[in-house]
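The values are calculated or read from the model by the stated rules, or taken from the named source; none is laboratory data. Everything quoted here is computed from the prediction, not taken from an experiment. Neighbour counts run over all protein chains shown; Cβ positions are idealised from the backbone, glycine included. Accessible surface is based on the protein model in full, side chains and every heavy atom, while ligands, DNA and RNA are left aside. Shrake-Rupley method; radii C 1.70, N 1.55, O 1.52, S 1.80 Å.
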Amino acid sequence: MARPLRRTSWRLLAAFVALPAALFGIPAAAGTPWLVGDNLIQNFPLRVLVGTDLSHGHLPLWNPYSWSGSPLLAGFNAGAGYPTTWLFGFLPDVLSWVVNQALVEVVAATGVLVLLRLFGRTWAASALGAAAFTYGGFMAAQSVHLDVVQAAAWLPWAFVALDRLAHRPEGRPAAPWAALLGVTIGLMGLSGAVEPILDGGVVLALYALWLLWTCPGRR
């Protein structure tokens, strides 16, 4: 039984990686990367500037091209502290952009898949839920704001960490799940988008209160 389940999980993971790779990679390879709206006029240029600084051995601290100069690392929208933004310092700009876009979908889909499986849903239901979250609704509408969807993609993983903190087996340490919670919230902050951080913080706090109420032994 374990082997078919393992095969199912790996096949879904492969699908969740292949789909965004094709969705963003094929148009980019044809010379038309998905760059519209604020991504075109703000998010992509700022990340290219971060990469230029890094490739020249400088910290991405300052943007000399906006106004009479403005903060880059502290400017938030550039996502200069977000790990995958650093790819712009080592890879071609368009390739770095495509990798960033694809990773958003991978992180979001796998996070929802794991969360729904923890809630007891079937593989099929979990996969459909993951696809619906990743490619519909909020994520689709905000795809023109890379920073927003990067932050939102980590939210399901934060829910996973909270859930496991509350429901971990007796005697199992809390440290791995506390670390996952810290990493996910930290990455949401480094993405450069305020809205998902605030909205996500509200729903995470509500879920934490629910877990405190229903799992008194894990407080």
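Figures for the structure shown
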read-out: Rg(Cα) / (2.2 N^0.38 Å) computed for segment 142-210, rounded to two decimals; value: 1.16
read-out: In Hz, Karplus ³J(HN,Hα) per residue of segment 116-133 (6.51, -1.76, 1.60; θ = phi - 60°; x = Gly, Pro); value: 5, 5, 5, 7, x, 6, 5, 4, 5, 5, 5, 5, 5, x, 5, 5, 5, 5
read-out: Principal-axis tilt of helix 146-167 within the chain, Cα atoms, nearest 10 degrees; value: 20
read-out: Inter-label distance, nm, simple model (7 Å from Cα along the C-beta direction), ALA15/HIS167; value: 2.3
read-out: Cα-based equivalent ellipsoid, segment 180-219: semi-axes from gyration tensor eigenvalues, Å; value: 24, 12, 4
read-out: q = 0.16 Å⁻¹: log10 I(q)/I(0) that the Debye formula gives for segment 29-90, counting C-alpha atoms only; value: -0.50
read-out: Computed [θ] at 222 nm, helices only, for the chain once each DSSP H run of length n ≥ 4 contributes -39500 (n - 2.57); value: -22000 deg cm²/dmol
read-out: Cα-derived Rg over Rh, computed across segment 1-69 with Rh taken as Kirkwood radius; value: 1.24
read-out: Mean Cα-pair separation over length for segment 80-219, i.e. relative contact order, pairs under 8 Å, 6 or more apart, %; value: 24
read-out: Choice from ILE26, ILE197, ILE185 showing the highest fluctuation, given a GNM over the chain with Cα pairs closer than 10 Å; value: ILE26
read-out: 0 to 90° range, to nearest 10: angle between helix 175-190 axis and the chain longest Cα axis; value: 30
read-out: Using alpha carbons only: equivalent-ellipsoid semi-axes of segment 102-219, gyration tensor based, whole Å; value: 24, 17, 12
read-out: Ratio Rg/Rh [Cα only; Rh per Kirkwood] for the chain; value: 1.01
read-out: Helix axis angle, 44-55 relative to the chain longest principal axis, alpha carbon, degrees; value: 80
read-out: Heavy-atom surface of segment 26-119, accessible at 1.4 Å and reported per residue (Å²); value: 51
read-out: With every protein chain in place, the chain: carbon and sulfur % of accessible area (1.4 Å); value: 72
